[in-house]
Amino acid sequence: MEHESTPPAKRKRGDTASEPATVPRRSEKFWFDDGSVVLQVESTRFRVHRSILANYSPVFDDLFKVPQPEGDKSDWVDGCPTVCMSGDTTDDWDSVLSFIYKPSSLPTKWPDVRKLAGMMRLGKKYQLDDIFQEALTRLEDQFPQELDADHSTDCISDELHSWIESNFEDIACIGEEMALWGILPFTYYLAVSVDANIPEFLLSHPNLSYNSVRSVTYGSSAMWKDVVERSFGWAKPTETIIPTKGCPTRHRCTAARTLVLGEVFTQIGSQDLCIALDNWEKDADHEFCVECHKTAKQACQDGRAYILNNLGRYFLGEGWEELEQTKSEHWPVIWKSR
Ligand SMILES: [Zn+2]
């Protein structure tokens, strides 16, 4: 409980080691004259309604049922008891109260992930189950529900790409904190495929956790292996897939195969991971016959479908399926152990 009348601690002249005590200030957005409880979070006070909080959370319901001792109201503010929310942040409470009192201020399409993270964090801590679930659903709803292997990248819109790009560190952070194994692999993939160069991508995200750095580096190298071996294995001169047995233009198809091999080398050299899920289309100067083209395209599609089905394994390691299915809070095997 907080004493409203406590004066700020006096500082000795020249004492620069200790900061002056911050005077609590009223929230401009959430200070209701008919509010019945004051929540103090860091240096901000929110005057809100006990009945509304109790309705959302059994933790607050129990807290408000505890009889207040008669007489001593030294820690009351404006006639309301004050509850100190230690360990919480003002931004997280602002997000929760925005959802409760001003839901229209939180867009459902391309939301600010920091606000959803605040709702989840406090939702979990205070058993605000509806608020936690709402934030989780809003986050998950941004991702394609079904990724069709034949049209895998068609459902990845430019808006989704730029939303991931601008929220990447926040999604990675809350994904790690809340064990969101279903969305993390796709987030990692989309984030690294925005930048053409993975080392540069990692350098441009200095706040990324060590676990996420591991996921990005392990995941991308595991994906390259399957791009080379599965999607474009047919382009190697040592394979006997192209030209096909019935190919009528063996020399031209062999030359076209060599061109594709060179292009795959170039994309690997520039670390352009888009190649893993993009649909492969032959260029005008790839003079494949109909049959060889069909065979090559099918191999690419099969490889891409395999890669798509294995995104979780690339970025979170073996056993990710069990983590996702059981909603386990154990860490993936490729992260350092807790
Ligand atoms: Zn051919």
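Read the figures in this text as sums done on the coordinates, not as results from a lab. These figures come from a predicted structure and were not determined experimentally. Using ideal geometry, Cβ is built from the backbone for each residue, glycine included, and neighbour counts are taken over all protein chains shown.
Where does the chain land at 222 nm, in deg cm²/dmol rounded to the nearest 500, when only DSSP H runs of n ≥ 4 count, each adding -39500 (n - 2.57), divided by all residues? Numbers along the way, then the final one.
Numbers: 13 runs with 158 residues, N = 338.
Computed ellipticity for the chain at 222 nm equals -14500 deg cm²/dmol.
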> Dipole size in debye (nearest 20) for the range 167-316 around its Cα centre, Lys and Arg Cβ +1, Asp and Glu Cβ -1?
Replying inline: 780 debye
>> Tell me the angle of helix 129-140 to the major Cα principal axis of the chain, expressed in degrees between 0 and 90 and rounded to the nearest ten.
In response: 30 degrees
>> Quick one: 3J(HN,Hα) in Hz for the range 276-289, Karplus 6.51/-1.76/1.60 with θ = phi - 60°, rounded, Gly and Pro as x.
In response: 5, 10, 5, 6, 7, 10, 6, 7, 4, 8, 8, 8, 6, 6
>> Cut-off 10 angstrom, C-alpha nodes, Gaussian network model of the chain. Which of V228, V96, V66 fluctuates the most?
In response: V66
>> To check my understanding: the extent here is largest minus smallest coordinate of the Cα atoms along each principal axis. What are those three numbers for the chain, in Å, largest first?
In response: 98, 49, 35
>> Quick check: the distance between the Cα centres of the range 86-116 and the range 217-289, to the nearest angstrom?
In response: 47 Å
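Which of the pairs K245/K294; K225/K282; K225/K327; K225/K245 have their Cα atoms more than 18 Å apart in this structure? Display every interim value, and only then the final one.
Working: K245/K294 13 Å; K225/K282 22 Å; K225/K327 29 Å; K225/K245 27 Å.
Pairs exceeding the cut-off: K225/K282; K225/K327; K225/K245.
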> Each residue of the range 45-58 in order: what ³J(HN,Hα) in whole Hz does its phi give by Karplus 6.51 cos²θ - 1.76 cosθ + 1.60, θ = phi - 60°, with x for Gly and Pro?
Replying inline: 10, 10, 9, 10, 10, 4, 5, 5, 4, 5, 5, 7, 9, x
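What number of lysine-lysine pairs in the range 36-169 show an alpha-carbon separation below 20 angstrom, given a sequence spacing of 8 or more or placement on distinct chains?
Numbers: K65/K73; K65/K125; K102/K115; K115/K124; K115/K125.
Going through the range 36-169 pair by pair, I get 5.
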> Amide H to amide H under 5 Å from S36: which residues, 5+ apart in sequence or cross-chain, H placed 1.01 Å off N in plane?
Replying inline: V48, H49, R50
>> Using +1 at the C-beta of Lys and Arg and -1 at the C-beta of Asp and Glu, which of T326, F132, W234 has the Cα lying farthest in the positive direction of the dipole of the chain?
In response: W234
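Apply the Kirkwood formula to the range 167-316: the hydrodynamic radius equals the inverse of the mean of 1/r over all pairs of different alpha-carbon atoms; give it in Å with one decimal. Walk me through the numbers on the way to the answer.
Working: mean 1/r = 0.0605 Å⁻¹.
Roughly 16.5 Å, rounded to one decimal.
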> Once the dipole of the chain is set up with Lys and Arg at +1 and Asp and Glu at -1 on Cβ about the Cα centre, which of A284, S212, T90 lies farthest towards its positive end?
Replying inline: S212
>> How tilted is helix 290-309 with respect to the longest principal axis of the chain? Cα atoms for both, answer in degrees (0 to 90, nearest 10).
In response: 20 degrees
> In debye, nearest 20: dipole of the chain around its Cα centre with unit charges on the Cβ of K, R (+) and D, E (-)?
Replying inline: 660 debye
>> Check which residues have an amide H placed less than 5 Å from T44's amide H, if you skip close sequence neighbours.
In response: R25
> In which sequence would R50, R26 go, from the one with the fewest C-beta neighbours within 10 Å to the one with the most?
Replying inline: R26, R50
> Hey, how many Å between the Cα centroid of the range 130-146 and the Cα centroid of the range 159-213?
Replying inline: 17 Å
> Roughly what angle does helix 113-125 make with the longest principal axis of the chain, taking Cα atoms, 0 to 90 degrees, to the nearest 10?
Replying inline: 60 degrees
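Counting Lys and Arg as +1 and Asp and Glu as -1, what is the net charge of the other residues whose Cβ lies under 11 Å from the Cβ of G312?
Working: positive: R313; negative: E318, E321, E322, E324.
Surrounding charge for G312 is -3.
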